[in-house]
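Novice: I am attaching a structure below and will ask some questions about it afterwards.
Here, each number is a calculation from the coordinates, and none is a lab measurement. Just so it is clear, the model here is predicted, and its values are computed rather than measured. Please note: Cβ atoms are built from the backbone with ideal geometry, for glycine as well, and neighbour counts cover all protein chains shown.
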Amino acid sequence: TGKRDIVVVAHGGRFEPVEVEVGRVVGGDVEVRRGLTEGQQVVASGQFLIDSEASLRSALPRLANAAAATGAAGTVHSADGVFEGSDGDEVMLSHGPVPSLKWPPMTMGFRKPADGKLPALQPGDRIRFDFIERAGEWQLTRIERTGAPR
């Protein structure tokens, strides 16, 4: 987040952001001084899927609050990704890294744009999109198809 170091910990099918204190960095290894307990499973992959809507809704607002604390609220963020589908007001996207938020690639839900409109997309379509944090949720502001299904 810029001011805090956060890792994602797996808890029996749920995912939770946990603030940690890091120490030395040697090669690809990072010393964690505080915040984790032995045996906790840290999500180490650059790409993970939060498959429970309840987990997603509980974890992301906390990550959003951390980003807002560093001035990221209201900032437009951009990413490339893949359209996975849409259900009601939520659009599921698998996206690459989001450097402005220091996010790794992941699959997550976003609120539809304020006008509720999406371009004609099929699951698997490659996309480019912009989004903002609004009321504790990530909302799309623009989404466009950039390529054929993967």
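Novice: Taking 0.36 nm per residue of separation and subtracting the Cα-Cα distance, what length does fully extending Glu90 through Arg126 add?
Specialist: Extra length from Glu90 to Arg126 when fully extended: 11.2 nm.
Novice: Could you sort the peptides 88-98, 107-117 by per-residue average Cβ neighbour count (10 Å cutoff), highest mean leading?
Specialist: 88-98, 107-117
Novice: Let me ask something additional. Pull out a ≥ b ≥ c, the square roots of the eigenvalues of the alpha-carbon gyration tensor of the range 86-136, then state rounded if a/c is under 1.5, prolate if not and a/b is larger than b/c, and oblate in the remaining case.
Specialist: Values: a/c = 1.90, a/b = 1.21, b/c = 1.56.
Taking the square roots of the gyration eigenvalues as a ≥ b ≥ c, the range 86-136 is oblate.
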